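In what follows, a structure is listed as structure tokens, so that the remarks can point back to it.
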Amino acid sequence: MVLENPSLIWGNVFERQTNEISKDVVCTIVINKGRILEKELEEYYYKLCLKKNITDVKSFDFVMRGLVGSLVNRHASVNEVYFDLFNPSIIDFVIKNFFKNKYYILDILLISDNFNSVQNIIELFKGGFISEEDLKFVLNEYLSVKVESEKDDLFFLKIFKLCLSFNLINTVNLDNAILYFGDFLEYDENYYCADFFAVILFYLNYKGVDFFDNLVDFFEKNIIVLLENFDLETLSILTQIVQKLKVNENSNFYQELKKVIVEYLSHIITSMIIDDNVIGNIYLEEDFEEYLVVSYIEDHLSSFYFLNFNQSDIHEIYYNFDLSDAIQANMNSVYDPDFDDRTSVRYSDKYNNIDLIEDLFDRS
């Protein structure tokens, strides 16, 4: 029965009630994870019309009126207007019937041209909906277009690093991107983030430590004053660069980087101990053993920061740990079942990308 098979329903709507450009609009919503702002979709619609050389271009509002209520929904609030899909099963239909064509995916991606779309395509691959061969083709063709057409684009830096993390970029794009990025030392501080330093780290491993001239001097002059503004992921990547470059432990940058990490962890160590449930079974101070927290700090430092920390660094972090707060949190968990659902996502998820970055360096 048709009602028991959603693909038959949407197949009928797509084939008999929807023209080509309207199909592309729906597929654009799908590639944007099923939700998109009206102003963005309108921009994409006219790009689609231009790409397809449509001479009799209908207005965006006219086209969307034909889709609302059958394939898409329109939502309006005080702050925004957006479209999503009339039914989630439309996503499955589009993936099975349109996203099997790598050239079509590429066309829609080039029109959409945003981080969500790139990320979504990788998610489809991880879910087994797109083959690795098709994924690499789509992303490398997309990146080659970006390299040739864009300059000084933080968005490109972000997607480039994402593709690096999944080992998706071919050697041609790796080499061409060097010309795109140019001299990293000339970039302004708006670029200084985890993605920026992750790409530097990749090229240090890909091309060798002499690839960037005067990188240590650059860190000493330009980055050292910004260290306190960086998050833990960025600081961790910087320690990997320092290790790769074999920066002198007595240098200003090395010492300042270590100092900032110790201070950062000192501020949040109590929350980390609570969130990671390090002493979750302790309810009295006399039952607490110092080594539990000290060992946790040592393990954390050795896992995420590639510097030589001494005992005074570890003790400085430890002395900022508030045992009474941690015990109170344990007591709260006894009386509030939901409280015990706490996880270490707040801290551990920040390092998922770091693990991916480290994996990059096993390849030649």
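The values are calculated or read from the model by the stated rules, or taken from the named source; none is laboratory data. Keep in mind that what you see is a predicted model, and the values were worked out from it rather than measured. In this analysis, Cβ positions are derived from the backbone assuming ideal geometry, glycine residues included, and neighbour counts consider all displayed protein chains. Quick note on the areas: whole protein, heavy atoms, side chains included, nothing else; ligands and nucleic acids left out. Shrake-Rupley method; radii C 1.70, N 1.55, O 1.52, S 1.80 Å.
Things worth noting here:
- Solvent-accessible area, 1.4 Å probe, carbon plus sulfur percent, for segment 211-293: 41
- Cross-link pairs beyond the 21 Å C-alpha cut-off, checked among Lys136/Lys158; Lys100/Lys136; Lys58/Lys102: Lys58/Lys102
- Fraction of accessible area attributable to carbon and sulfur, segment 1-115 (%, probe 1.4 Å): 51
- Within the chain, helix-based [θ] at 222 nm, where runs of 4 or more DSSP H residues each add -39,500 (n - 2.57), nearest 500: -19000 deg cm²/dmol
- A Förster radius of 22 Å, combined with the Cβ-Cβ distance separating Asn248 from Asp210, puts the computed FRET efficiency at roughly 0.80.
- Probe 1.4 Å - accessible area at Val242, Å² to nearest ten: 0
- Built amide H within the under 5 Å cut-off of Val72, gap 5+: Phe86
- Solvent-accessible surface of the chain, taken per residue with a 1.4 Å probe and all protein chains present: 51 Å².
- Using heavy atoms of the protein chains and a probe of 1.4 Å, the accessible area assigned to Glu220 is about 50 Å².
- Figure note: His267, His300, His75 ranked by solvent-accessible area, largest first, 1.4 Å probe, ligands and nucleic acids not counted: His267, His75, His300.
- Each label was represented as a point 7 Å from its Cα along the Cα-to-Cβ direction; for Gln255 and Asn308 these points are 1.5 nm apart.
- In terms of accessible area, using a 1.4 Å probe and ignoring ligands and nucleic acids, Ser302, Ser89, Ser131 rank largest first as Ser302, Ser131, Ser89.
- Segment Arg35-Lys52, length gained on full extension (0.36 nm per residue, minus Cα span): 3.8 nm
- Using a probe of 1.4 Å, the accessible surface attributed to Leu292 totals some 50 Å² when neighbouring protein chains are kept in position.
- The modelled label-to-label distance for the pair Asp92/Val225, using points 7 Å beyond Cα in the direction of Cβ, is 5.8 nm.
- Contour minus Cα-Cα distance for Ile268 and Asp299 (0.36 nm per residue): 9.6 nm
- Accessible surface comparison of Asp210, Asp175, probe 1.4 Å, protein chains only, largest first: the order is Asp210, Asp175.
- Built amide H within the under 5 Å cut-off of Lys58, gap 5+: none
- Of the DSSP H helices in the chain, those whose Cα atoms cover at least 24 Å axially and whose Kyte score averages -0.5 or more: 132-149, 252-275
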